[in-house]
Amino acid sequence: MKNLALLILTVFILGACSNSSNKQGGEKAGTSKVTLTAAGATFPMPYYNMVFKNYTSEFGTLLTYGGIGSGGGIRSLTDKVVDFGATDAYLSDDKLAEMPAEVVHIPTVLGAVVIAYNLPGVDDLKLSNELLEKIFMGEITNWNDPAIKANNEGLALPDMEITFVHRSDGSGTTYIFSDYMTKISPKWADAIGTGKSLQWPVGMGAKGNPGVAGTISQTEGAIGYIGSEYAFAQKIQTALVQNSAGNYIEPSIASVSAAAKGEIPADTRIMLTNSADPESYPISGFTWIILYKEQNYDGRSKDQALATVTFLDWLVSADAQGDAEKVHYAPLPDAAAEKAKAILRSVTFGGQPLLK
Amino acid sequence: MNNSTVKSFNKSPIGGFRGLFNSDKITKGVLLLSSFVILFVAGGMIFSLVEGAIPALKSFGLRFIWSNNWNPTEGKENYGALPFIAGTIITSVAALLISLPLSFSVSLFLGEYYRGTRMAKILGTMVDLLAGIPSIVYGLWGFYVLRPLLIDLGLPNQGFGIFTASIILAIMIIPYATSLSNEIITMVPNELKEAAYSLGATRSEVIFNVVVPSARSGIIAGYILSFGRALGETMAVTMLVGNANIVPDGFFGTGNTMASVIANQFGEADGLKLSSLIAIGLLLFLLTGIINAIGKFIIKRMG
């Protein structure tokens with residue numbers, strides 16, 4: 001009995017301790033620095049890491065970002081454990097309806113998925129839509145295949161097995177890549193489709209963009225798809241891909257930007273792959289931040305809500321966008337930035353818009 | 001502690017104080033509390049694994065274990081764990097078979113032939129060091145050193161696959177099997193060995209007719225423990241196994257394991273896929289539980 005009494009006493013004391021510390025934490029957050037927590041996609045992480053740090057040193061708001069993947073970002077927002085989430089694939093109408101409250105999308109930057117390969121001495125490999133389909137579906141298995149040769153006259157293609165390296169983890173990069181493949185190849189659309197992880201007909205998996213990039217650069221004859229920022233930073237060979245106008249386009253900041261020149265819907269939910277612009281690199285896409293439209297939930301303070309939207313407003317402004325190229329992303333075109341700002345002005349706290 | 005010391009303790013001048021915070025009772029309470037925490041945590045884990053796995057098991061039933069179709073594409077979703085169960089069992093069994101002659105010889109070397117020599121001490125330390133190397137370092141070594149070597153030897157799939165993963169696993173589990181067998185072999189009573197020698201047995205006869213049979217249960221337990229470790233190994237395997245979600249088409253083919261697919265895919269998983277990954281976790285938990293139970297049974301039977 002005594003033991004039990006002691007146990008209850010201990011629990012009571014512990015409980016009292018944690019209670020009082022909670023209260024202190026709450027008061028502090030209201031009066032001094034606000035901390036914003038976010039989690040999600042790894043694709044834009046190099047960019048977020050840089051601009052989040054800049055914002056903290058300039059305005060004092062503390063920001064933490066967890067690169068746990070787009071799915072994790074959506075789950076964290078659903079569970080309301082973050083101020084905003086980040087995702088490379090926009091939420092479908094079904095997914096939006098499943099969320100506990102209305103969610104808005106803010107595009108933050110443009111990225112591309114490049115086709116990287118490892119063939120020493122073979123530069124500027126040109127891959128038509130048909131070749132992409134055949135290589136990634138396992139119909140062409142050697143680099144000296146006549147079909148590849150016919151498309152790349154003058155290149156010394158070796159007699160070497162093609163090793164396709166894909167992502168082993170679920171990923172927004174895979175989503176953008178497979179969305180493009182689905183648009184250009186009915187056969188792919190039928191057999192494989194679009195998703196963050198897929199049932200691959202051939203090849204082997206490696207974890208994360210760094211894993212795929214590392215495997216390709218360590219393996220002669222390898223080909224795979226990776227986030228452009230990793231390919232640009234590590235100077236891996238990248239193939240020229242055919243866009244919808246039929247031009248072979250090298251992935252670059254300019255050609256990625258060109259993909260967003262077309263009409264963008266008001267809620268910015270659009271996949272930019274296979275863009276109609278003749279200068280555009282076809283495997284490009286937005287990455288988004290997602291947050292609740294009504295910020296007064298779960299006892300959030302108005303300060304917290306205001307800090308969230310103020311930061312996001314800065315993130316789509318020229319101040320932050322100007323830094324995108326430094327880490328190999330393409331900045332938002334003006335039209336997209338305007339739409340993002342308009343969406344942020346629709347975000348409310350207790351029904352009142354937070355930004356003017 | 002015997003009874004009289006406890007009594008004299010209580011009779012000390014500040015007996016009342018001691019009575020309230022009796023050290024024996026406190027110890028008992030702390031021990032009880034820690035045991036409850038462990039029970040609570042283990043029980044909670046099993047509960048959440050089962051709870052999380054229910055949607056997958058409900059929609060696929062037993063087919064979940066036998067189906068080799070792992071398709072996460074929306075609209076065509078189907079999850080079967082067979083590729084991963086097969087990959088896990090093949091890599092672990094192969095690793096055990098590869099490591100067996102090595103660790104058995106080393107444990108005889110350390111525990112019998114060269115017992116107490118400087119050479120044995122150095123070798124023993126090296127084996128223990130192997131156990132301390134983090135899994136990711138094994139993976140890196142396999143990726144940058146072992147794989148190019150295997151490519152030169154003509155292994156298909158650019159050196160990735162079940163075979164490469166098994167070799168790495170074998171090296172990783174050697175220290176576990178070795179140290180346990182070695183300890184048991186050292187513990188074989190000298191009288192037994194001396195009796196055999198006095199009957200005119202040679203050294204190898206003593207080892208295979210006296211030492212090994214009397215250390216048998218411990219040696220087997222050591223291998224079962226190391227097998228259990230091979231089942232759950234994640235990082236090094238995922239870097240080398242090829243991560244192809246198919247039932248491996250042979251020993252040199254690519255595949256995937258249960259632990260590896262969970263580590264790779266849970267980040268982006270939701271709904272039925274997340275539930276399927278948790279169900280694979282539950283299966284892995286059951287598998288290791290069964291292996292451990294078999295190990296305990298063998299020790300009990302033979303010891």
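The values are calculated or read from the model by the stated rules, or taken from the named source; none is laboratory data. None of these values were measured; they are calculated from a predicted model. Cβ sites come from the backbone with ideal geometry, for glycine too, and all protein chains shown count toward neighbours. When the accessible area is computed, the model is the full protein with side chains, heavy atoms only, and any ligands, DNA or RNA have been set aside. Shrake-Rupley method; radii C 1.70, N 1.55, O 1.52, S 1.80 Å.
Tell me: how much accessible area in total is hidden between B and A, 1.4 Å probe, Å², nearest 100? Heavy-atom accessible area buried at this interface is about 2500 Å².
Sequence-distant contacts, meaning Cα pairs under 8 Å at least 6 residues apart, place the relative contact order of the stretch B:86-259 at 37 percent. Which angle from 0 to 90°, rounded to the nearest 10, does the C-alpha axis of helix A:45-59 make with the longest principal axis of chain A? The answer is roughly 40 degrees. Here's how it looks for A:A222: its modeled amide H is under 5 Å from those of A:N118, A:T163, which are all 5 or more places away or on a different chain. Burial here means at least 40 square angstrom less accessible surface with every protein chain in place than with the chain by itself, probed at 1.4 Å; in the stretch A:67-85 the buried residues are A:R75. Tell me the angle of helix A:2-31 to the major Cα principal axis of chain A, expressed in degrees between 0 and 90 and rounded to the nearest ten. So the inclination is approximately 70 degrees. Among B:285-294, A:33-42, the peptide with the highest mean count of other Cβ atoms within 10 Å heads the list, and the full ranking is A:33-42, B:285-294.
Checking every one of the GluC sites (Glu not before Pro) in the stretch A:194-272 against DSSP loop status and a limit of 15 other Cβ atoms within 10 Å picks out A:E263. For the stretch A:140-179, a reduction of at least 50 Å² in accessible area between the chain on its own and the assembled protein chains (probe 1.4 Å) is found at A:S168. Shielding of peptide A:45-55 by partners, expressed as the average count of other chain Cβ atoms within 10 Å per residue Cβ, is 0.
Over the protein assembly as shown, what is the percentage of antiparallel beta bridges among all DSSP beta bridges, to the nearest 5? Within the protein assembly as shown, antiparallel bridges account for around 60 percent of the total. Using a ≥ b ≥ c from the Cα gyration tensor of the protein assembly as shown (square roots of the eigenvalues), is it rounded, prolate or oblate, where a/c under 1.5 gives rounded and otherwise the larger of a/b and b/c decides, a/b for prolate? Note, shape of the protein assembly as shown comes out oblate.
Each Cα pair under 8 Å and six or more residues apart adds its sequence gap; the mean of these over the residue count of chain A is a relative contact order of 22 percent. Residues in the stretch A:112-284 average 35 Å² of solvent-accessible surface per residue, probe 1.4 Å, ligands and nucleic acids excluded.
Counting, for every residue in B:257-269, the Cβ atoms of other protein chains within 10 Å of its Cβ and taking the mean gives 6.
Per residue of B:69-76, other chain Cβ atoms within 10 Å of the residue Cβ number 5 on average.
The spacing between the stretch B:216-285 and the stretch A:141-162, judged by their C-alpha centroids, is 37 Å. For chain B, the membrane-span-like helix rule (DSSP H, alpha carbon extent of at least 15 Å along the helix axis, mean Kyte-Doolittle at least 1.0) picks out B:23-60, B:82-108, B:162-186, B:271-302; this says nothing about an actual membrane.
Tell me, what % of the accessible area of chain A is carbon and sulfur with a 1.4 angstrom probe?
In chain A, the share of accessible area belonging to carbon and sulfur is 54 percent.
Peptide packing: for B:165-175, A:282-292, B:113-123, the average count of neighbouring Cβ atoms within 10 Å per residue gives the ranking A:282-292, B:165-175, B:113-123, highest mean first.
Quick check on the stretch B:86-259: take the gyration tensor over C-alpha atoms, sort the square-rooted eigenvalues as a ≥ b ≥ c, and tell me if it's rounded (a/c under 1.5), prolate or oblate. Present the calculation step by step, with values, prior to reporting the outcome.
Numbers: a/c = 2.65, a/b = 2.27, b/c = 1.17.
In terms of gyration-tensor shape, prolate.
Taking the C-alpha atoms only, the angle from helix A:208-218 to the longest principal axis of chain A is near 30 degrees.
Modelled spin labels at B:S135 and B:S48, positioned 7 Å past Cα toward Cβ, are 1.8 nm from each other. Averaging the sequence gap over all C-alpha pairs within less than 8 Å and six or more residues apart, then dividing by the number of residues, gives chain B a relative contact order of 25 percent.
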